[in-house]
Structure formats: C-alpha cells, structure tokens
1. For residue 33, are the conditions met, namely being at pLDDT 90 or above and either surrounded by fewer than 10 Cβ atoms within 10 Å (Cβ to Cβ) or touching a helix residue (DSSP H, G or I) at 6+ places or on another chain (Cβ under 6 Å) (or both)?
2. Exposed (fewer than 10 other Cβ atoms within 10 Å of the Cβ) and either in a helix (DSSP H, G or I) or at pLDDT 85 or above (or both): does that describe residue 13?
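The values are calculated or read from the model by the stated rules, or taken from the named source; none is laboratory data. On a predicted model such as this, the values are computed, not experimentally measured, just so you know. Note: ideal-geometry Cβ built from the backbone for every residue, glycine included; neighbour counts use all protein chains shown.
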C-alpha cells in the first residue's frame, strides 16, 4: 500500500513539472513585449534627458560674453 502511494505521488510530481515549466515559458513570452516596451521608454527618457542637458549647456555657452 505504501509503495502504491509513493509511486502515485512521484507520478503526479513528474507530471506537474512540465506544466510549471510550460507556464513559466508562456509567462516569459507574454511579458517579453512589455519588458521591451519598458526598456524602450527608459532609453527614450535617457536620450531626452541627455538632449535637454546638451541644449541647456549650449544655451549657457551662447549667453556668456
């Protein structure tokens, strides 16, 4: 009886592992575009900040006699 319970429990664990891996893979595929979008937003923000800083620096240089 104990052997049957252990065998059944092992069988269930081995079946749930592919399900968990499958869910993780699906989650990664679904969230990847959102992560890419967030990275693009961050990159754009950094680029805008650098451009603003460069413009401010040029303005300061042009205002000095």
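1. Numbers: at pLDDT 90 or above: yes; either surrounded by fewer than 10 Cβ atoms within 10 Å (Cβ to Cβ) or touching a helix residue (DSSP H, G or I) at 6+ places or on another chain (Cβ under 6 Å) (or both): yes.
The answer is yes for residue 33.
2. Values: exposed (fewer than 10 other Cβ atoms within 10 Å of the Cβ): yes; either in a helix (DSSP H, G or I) or at pLDDT 85 or above (or both): yes.
Spelling it out, residue 13 is indeed exposed (fewer than 10 other Cβ atoms within 10 Å of the Cβ) and either in a helix (DSSP H, G or I) or at pLDDT 85 or above (or both).
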